[in-house]
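Inspection log for the structure reproduced underneath, given as structure tokens.
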Amino acid sequence: MQGLCEGLSSFGIWVRLHYVYPYPHVDNIIPLMADGKLLPYLDIPFQHGSTKILKAMRRPAAAENTLAQIRKWREICPEIAIRSTFIVGFPGETEDDFEMLLDFLSEAQLDRVGCFQYSPVDGARANDLPDHVPDEIEQERW
């Protein structure tokens, strides 16, 4: 990813990264943003603030590690703008998990946030998970 970003930056055009997963390789491109070679903007689907829910979603990130990453990115590139999306009502999400999401959002201070409600998708493994969140609670959280 770093090589592609460096190559794109050589064209002297605006390059903005969308739908980037929060894996460690992202750390390598933040200095390019700080140097003005890429727009200081990341669109990253963090998806939740509860490690339990992230694990149920089969996402590799842990919320506390993500918050540390965000702090590090802002130290390197203070003008970085971060946009993300989150899911409420994922099967098994408790009130405590939802509060963890709100706490995550409060601490992360993201620049733009989108939220959507969980909905079953044909063939998705999450359909078979226990403890689906009632529609009215999902709507309230959304």
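Data table
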{"quantity": "Residue match in segment 73-82 (condition: over 12 Å from the mean Cα position of the chain (by Cα), of a type in the set (Phe, Trp, Tyr), surrounded by 15 or more Cβ atoms within 10 Å (Cβ to Cβ) and under 18 Å from Gln109 (Cα atoms))", "calculated": "yes"}
{"quantity": "Selection from segment 42-60 of residues that are under 13 Å from Phe86 (Cβ atoms), touching a helix residue (DSSP H, G or I) at 6+ places or on another chain (Cβ under 8 Å) and outside any helix (DSSP H, G or I)", "calculated": "Ile44, Phe46, Gln47, His48, Gly49, Ser50, Met57"}
{"quantity": "Residues of segment 95-112 satisfying the condition of being more than 16 Å from Ser50 (Cβ to Cβ) and surrounded by 12 or more Cβ atoms within 10 Å (Cβ to Cβ)", "calculated": "Leu110, Asp111"}
{"quantity": "Residue within segment 123-140 that is in contact with a Pro (Cβ under 9 Å, 6 or more places away or on another chain), farther than 20 Å from Leu17 by Cβ and either small (Gly, Ala, Ser) or open to solvent by less than 20 Å² (accessible area, probe 1.4 Å) (or both) present", "calculated": "yes"}
{"quantity": "Leu39 vs. criteria at pLDDT 85 or above and assigned to a loop (DSSP other than H, G, I, E, B)", "calculated": "yes"}
{"quantity": "Residue list for segment 17-46, filter: closer than 16 Å to Arg71 by Cα and of a type in the set (A, V, I, L, M, F, W, C)", "calculated": "Val26, Ile29, Ile30, Met33, Ala34, Leu42, Ile44, Phe46"}
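Conditions (1) closer than 30 Å to Asp128 by Cβ; (2) open to solvent by 70 Å² or more (accessible area, probe 1.4 Å); (3) of a type in the set (Ser, Thr, Tyr), marked per residue:
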position	(1), (2), (3)
Pro31	no, no, no
Lys52	yes, yes, no
Arg59	yes, yes, no
Arg71	no, yes, no
Glu93	yes, no, no
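To keep it simple, each residue is scored yes or no on (1) part of a helix (DSSP H, G or I); (2) in contact with a strand residue (DSSP E or B) (Cβ under 7 Å, 6 or more places away or on another chain); (3) modelled with pLDDT under 95.
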position	(1), (2), (3)
Phe86	no, yes, no
Asp103	yes, no, no
Leu110	no, yes, no
Asp122	no, no, yes
Ala126	yes, no, yes
His132	no, no, yes
Ile137	yes, no, no
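The values are calculated or read from the model by the stated rules, or taken from the named source; none is laboratory data. The structure presented is a predicted model; accordingly, all values stated were derived computationally and were not measured. Note that each Cβ is placed from the backbone with ideal geometry, even for glycine, and that neighbours are counted across all protein chains shown. Accessible surface areas use protein heavy atoms only, side chains included; no ligands, DNA or RNA. Shrake-Rupley method; radii C 1.70, N 1.55, O 1.52, S 1.80 Å.
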